[in-house]
Every structure is written in C-alpha cells, then in structure tokens.
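Participant: Could you have a look at this structure, given as structure tokens, before my questions?
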Amino acid sequence: MKRNPRLHFFLIGIALFVAITAFAPARNQFTAAEQQQISIATPGLFDKSDAFTVEFGTVGAGDYSFPLPVGKAEQKTNFFLSIETKEGDAVKAMFDGVVRLSRHHSDYGNVVVVRHDNGLETVYANNAQNLVKVGQSVKAGQTIAIVGGKGGRAYCDFAIMVNGARINPSTVIDIKSHRLRKQTLLCKKNGSRVAVSMVGEKEASAERKCETPTSLDPSDELTYEQSKEFKIDLEKIACEHWAYPLPGSHVISPYGGKRKHSGVDIKTCPNDKVLAAFDGVVTLSCAHYGYGNCITIKHAYGFETLYSHQSRNFVKVGQKVKAGQVIGLTGRTGRATTEHLHFEVHFKGRRIDPAVIFNHSSKKLQASTLVLKNGRMTTQKS
C-alpha cells in the first residue's frame, strides 16, 4: 500500500499538538489541596530564580482596588488586615487574577483566595456570601463577595500572601489612605521562607512629590507633605477624568449670596442625565433630608462632590464611578420648587464655591491651580 506523504505529516502534526497541549499549564485549574488550603505554596513560583519583583509603580488606577474602598482598616498581629464597614458592602478583588479557593472555613467563615499573575495571592475572609467560583477570572475592583458580620461588627479579614505565607500588608498598601505604594516589591526565597521588602522607596517618594495630578481618583492619589504646598493644576486634569455634572444647563441660583446657598443650582429639563464630576467612590446614595435623593462622591486630596434632588439615583454606596458616568436623573425631590440639580463641592468637609473648580458658562474646568497646604486650599490663576 502506497503511503500518502501529506496524510503522514498531518497525523504527525496532530500528535505533536496533543502532546504539547497535554503538558501546557492549566492556569484556571487547581489541585484539590489548592482548593481546600488557604496557605499553600504556589507551584513554579521560584522555578526560574530565587527572587522576583512586583512593580507597583506602573500599576494604573483601574488595575488596583482596595478590598473595601469605604472601610476603615486596622492591622492585626497575624498580618491580617481587619477592614470594618457596614453589613452588606461589596468586597472587591485587589488585582486581576483567578479564584483559587472559594469555600467555608471553620476559623475564617466564607473565604475567597485569588491568585494573581504578579506572584501574589490575596485572601478575603469572613464573607456573608462568596460570589465567585474556583477557576473564575476576576478583574481588579470586581465584586467577589458580600462582607459578613460577627459580634455586632461588619468586617472583612484581608491578607496578602507570597508562596502561602502572609506578608505585612502595610508593605504594599498605605493602610490609612488605602493607596497602593508606588514602589517595587522584592520577594526573595530564603530556605523554606520568603523575605519581602520594598526597593527604591526614597526614589519613588521623591518622584511622586514632583508629579502633577492628572485625576482626582482616590486610588491614584499622590503622596505629599501637608506642611508644604501641593499644587493641582486644573488644566492638567486629563479630559477623561472630569465632566461637567449637567451639560447644557444654566445656573438658576449661584453659590452664597444673601441666602448663603451651599452650592449651585443648575437646570436643563426633567429627568436629564446627571454625571459624576470626577472619578471617585460613592459614599452616600439615598433620600437625605431637604436634599431629596442625594449622592456624595469621595475624590482624592480631601475633595467631595454632592448631587441632589434627583428623581432617581443609579449608584450605590461603595461603588467606584468614573468621571462622566451617569449617576442619576434630575428631579425635584426634597425641598425643591422645580426640576434641577443642586451641586456642591467640599474640601476637607467644608463647602467651597463650585465656581472655583468649574466655569459654569463654558462648562469647563477653571484655568487655575489649587494650592493645598496644612489642610487649607487657595487658588492661583494659571
């Protein structure tokens, strides 16, 4: 029988393909032990070298999330971070990754462990409900669980692990501000243990102080010394990181005046789209006294914006929002005589004239620089 050379090479190709794919690593598959044990070594982590680095300086705003953006964090002696919040809040994935474990644990309640491409693993414990399954890919900021409660407290126990061992979370995160430290994490194998340290800390700090903010996103906030001037040039805020809250509107009642108006009233038509002015985290979304349906959004550097009298709110407390995102519709809920948006800007808890930030005629940011020092703000014309 005469052999067909084309068929021969075709069959060899199939055999090679099967052999290669059979030995390819299955990224979204884990052993039974990996799915059961919270602390377990990461296979292949140190196969190529006894050390690796994680570069946090290049992590973008959308590639990192604090597990509970509005929670209050306190570090425990066992390298767990206890993040207290209110019951029912959403627990967020810190980085992109794959769920390695999602189950109930006798000591930690409902637990989720996410394995990340950067070599780290993150642990989210004491959940009322896990919302992800083993093998599922998750994105930074994605809701992976609902926070649980115990002893009258609602909190999440959070940890960062390298090769199955918990590391000091403050090495990676500024616990007070929830900000990721923009430095390089060095992980070095030392016998059966892993030593971790930050490298280039002084250089990174100096570099950050020289940077000019291009957004008011809390997750991308720069470090600065309170006793020294820190400048925010509004003209350098990137166009994708700001939006006039009600495009096409006109002012019907300005800030201040005889009535000591706490904000500015702007009007278009009923049920018009209200936009988030800057990137941030929703801290209030409900009917609130005379404000009616009200939303407040926390931004970086002590700034906050308030939107009220909406007919409907579209966002929830704890939700991250982007500048220009539709957060509600104009209405006349609360103490209001006509459909409009009441808009306020706060700095360090104090109301300021929104016209310091926005030119209401052009619907653009002002051509000025905000100067922050010792908890106070002044402005300079650009």
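The values are calculated or read from the model by the stated rules, or taken from the named source; none is laboratory data. This structure is a prediction, so every number in the text was calculated from the model and none was measured. Heads up, the Cβs are rebuilt from the backbone with ideal geometry, glycines too, and the neighbour counts pull from every protein chain shown.
Participant: Considering only region 284-303, state which residues are in contact with a helix residue (DSSP H, G or I) (Cβ under 7 Å, 6 or more places away or on another chain) and either more than 16 Å from R351 (Cβ to Cβ) or part of a strand (DSSP E or B) (or both).
Facilitator: Hits for region 284-303 are K298, A300.
Participant: Out of region 216-237, which residues are charged (D, E, K, R), surrounded by 17 or more Cβ atoms within 10 Å (Cβ to Cβ) and part of a loop (DSSP other than H, G, I, E, B)?
Facilitator: Within region 216-237, D217, E221 meet the criteria.
Participant: Another question, then. Select from region 334-360 the residues that are in contact with a strand residue (DSSP E or B) (Cβ under 9 Å, 6 or more places away or on another chain) and among the polar types (S, T, N, Q) and write down the one among them that is surrounded by the most Cβ atoms within 10 Å (Cβ to Cβ).
Facilitator: Result: N359.
Participant: Another question, if that's okay. Among the residues of region 304-320, what is the count of those that are at pLDDT below 95 and either among the hydroxyl-bearing types (S, T, Y) or not in a loop (DSSP other than H, G, I, E, B) (or both)?
Facilitator: The number of residues fulfilling the criteria is 1.
Residue-by-condition table, conditions (1) over 29 Å from E55 (Cβ atoms); (2) not in a loop (DSSP other than H, G, I, E, B):
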| position | (1), (2) |
| --- | --- |
| F79 | no, no |
| S82 | no, yes |
| G88 | yes, no |
| M94 | no, no |
| S102 | no, yes |
| V113 | no, yes |
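Participant: Within region 323-382, can you find the residues that are farther than 17 Å from L234 by Cα, over 25 Å from the mean Cα position of the chain (by Cα), small (G, A, S) and outside any strand (DSSP E or B)?
Facilitator: Of everything in region 323-382, those that are farther than 17 Å from L234 by Cα, over 25 Å from the mean Cα position of the chain (by Cα), small (G, A, S) and outside any strand (DSSP E or B) turn out to be G334, A336.
Participant: Now for a different question. Taking E240 as meeting all but one of (1) exposed (fewer than 11 other Cβ atoms within 10 Å of the Cβ); (2) among the charged types (D, E, K, R); (3) in contact (Cβ under 8 Å) with a residue 60 or more places away in the chain, write down the number of the exception.
Facilitator: All conditions are met except number (1).
Participant: Answer yes if at least one residue in region 123-141 is of a type in the set (F, W, Y), farther than 20 Å from S219 by Cα, assigned by TED's automatic domain parsing to the domain that holds K92 and assigned to a strand (DSSP E or B), and no otherwise.
Facilitator: No, region 123-141 contains no residue that is of a type in the set (F, W, Y), farther than 20 Å from S219 by Cα, assigned by TED's automatic domain parsing to the domain that holds K92 and assigned to a strand (DSSP E or B).
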